[in-house]
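The values are calculated or read from the model by the stated rules, or taken from the named source; none is laboratory data. Treat the numbers as computed from the prediction; the structure is a model and nothing was measured. Virtual Cβ from ideal backbone geometry, glycine too; neighbours counted across all protein chains shown.
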Amino acid sequence: MSKFGKWLGGGLGWALGGPIGALIGFALGAVLDDTGTAVKITNTKQPTRHGDFSASLIILIAAVMKADGRIMKAELDYVKQFFVRQFGVEATKEQLLILKEILGREIPVHDVCMQIRQNMEYASRVQLIHFLFGVSTADGKINPSEFLVIEQIAHLLNLSSADFSSVKAMFYNDTDSDYKILEIDAKASDEEVKKAYKKMAVKFHPDKVSHLGETYQQNAKEKFQKIQQAYENIRKQRNLK
C-alpha cells in the first residue's frame, strides 16, 4: 500500500465520507502511483482520529490560502515550514502533495465545516482554528481576506465568540491580549482573573485532544502555555500572589 494510503488508512474514520472524503480522494487519486493497490478503509462512526483531523486541517488551510485569490510560492514555503515544525520532514512531503492538489479544487467551505462540526468534538475544533491562525501568521502578519475566512470557519464550526477571541489574541498582540486570552475584561477583579485562569486551564488542557496523538497534543501544549503566560503577565502586573 502506498505511504499515502498508510497515512490515511491508519487514521481515517468519519472523514472518509462527505465533502472531506471527496476532496481527499481526489487529491490521493492525483498523487498516488498507479500501482493498482486500493486503499481500503472502513467508514465507521468513531471519535475524531489523527487522520480525520489531518484531512480537515489540510482542506481548511487550503481554503485560507485561497482567500485572496492568489497562491504565492512564499505562502507554500510558510506552510511547509509550519508543517515541518509540527509533523516532521517526511510527513510534510506527503501533506504538501495533497495540499497542492486540493488548492486546485473548489472548496465547499460550508459543507466541509458542517461535516467537521457534526463529527469532531469541540476541543479539537478549537485546535483547528489555532492551527489556521498559526499558518496565517507564519510570516508575521495576516492578510485581511485570510482573517475573514478563518472567522467564517470558526463561526461555521460553532466556536463561541469568546473562544475565537481568545485564540485570536494568542497571535495578535495588543494592550488587552492577555485578558482576551483568558476571556475576561481588563477591568476584572483579581478574584475573577484567578477564576478565569483556572477555567481556561481546564477548558484547554492538552489532555482534551490526547486522542489525536502526540503531534497535535504538542500544539495544544503550546496553546496551553500561552494561557499560562497570559495569566503570569497579569499576575505580575497586578502583583498577585
Specify which of the listed residues (112, 135, 149) is in contact with a Pro (Cβ under 6 Å, 6 or more places away or on another chain) and either hydroxyl-bearing (Ser, Thr, Tyr) or assigned to a helix (DSSP H, G or I) (or both). 112
Looking only at segment 122-137, count how many residues are of a type in the set (Ser, Thr, Tyr) and at pLDDT 90 or above. 2
Quick check on this structure: which one of 209, 202 is in contact (Cβ under 8 Å) with a residue 40 or more places away in the chain and either among the aliphatic types (A, V, I, L, M) or over 30 Å from residue 111 (Cα atoms) (or both)? 209
Exactly one of these conditions fails for residue 144: (1) touching a helix residue (DSSP H, G or I) at 6+ places or on another chain (Cβ under 8 Å); (2) assigned by TED's automatic domain parsing to the domain that holds residue 53. Give me its number. (1)
Out of 100, 80, which single residue is of a type in the set (D, E, K, R), more than 17 Å from residue 24 (Cα to Cα) and either at pLDDT below 90 or in a helix (DSSP H, G or I) (or both)? 80
Pair list, Cβ < 9 Å and 6+ apart or interchain, from segment 213-241 residues that are closer than 14 Å to residue 169 by Cβ to residues that are acidic (Asp, Glu) and assigned to a helix (DSSP H, G or I): 229/178; 230/178; 231/178; 233/178; 234/178
Only one of (1) over 13 Å from residue 61 (Cα atoms); (2) in a helix (DSSP H, G or I) fails for residue 159. Which number is that? (2)
Determine the pairs where a residue that is without any contact (Cβ under 8 Å) to a residue 60 or more places away in the chain, located within segment 116-137, has a partner that is among the β-branched types (Val, Ile, Thr) with Cβ atoms under 9 Å apart, the partner being 6 or more residues away or on another chain. 125/116; 129/150; 129/153; 129/167; 133/142; 133/150; 133/167
State all residues of segment 181-235 that are small (Gly, Ala, Ser) and either within 23 Å of residue 86 (Cβ to Cβ) or part of a helix (DSSP H, G or I) (or both); if no residue qualifies, say none. 196, 201, 210, 213, 220, 230
Pick out the one residue from 54, 2 that is out of contact with any strand residue (DSSP E or B) (no Cβ under 8 Å at 6 or more places or on another chain), modelled with pLDDT of 80 or more and of a type in the set (S, T, N, Q). 54
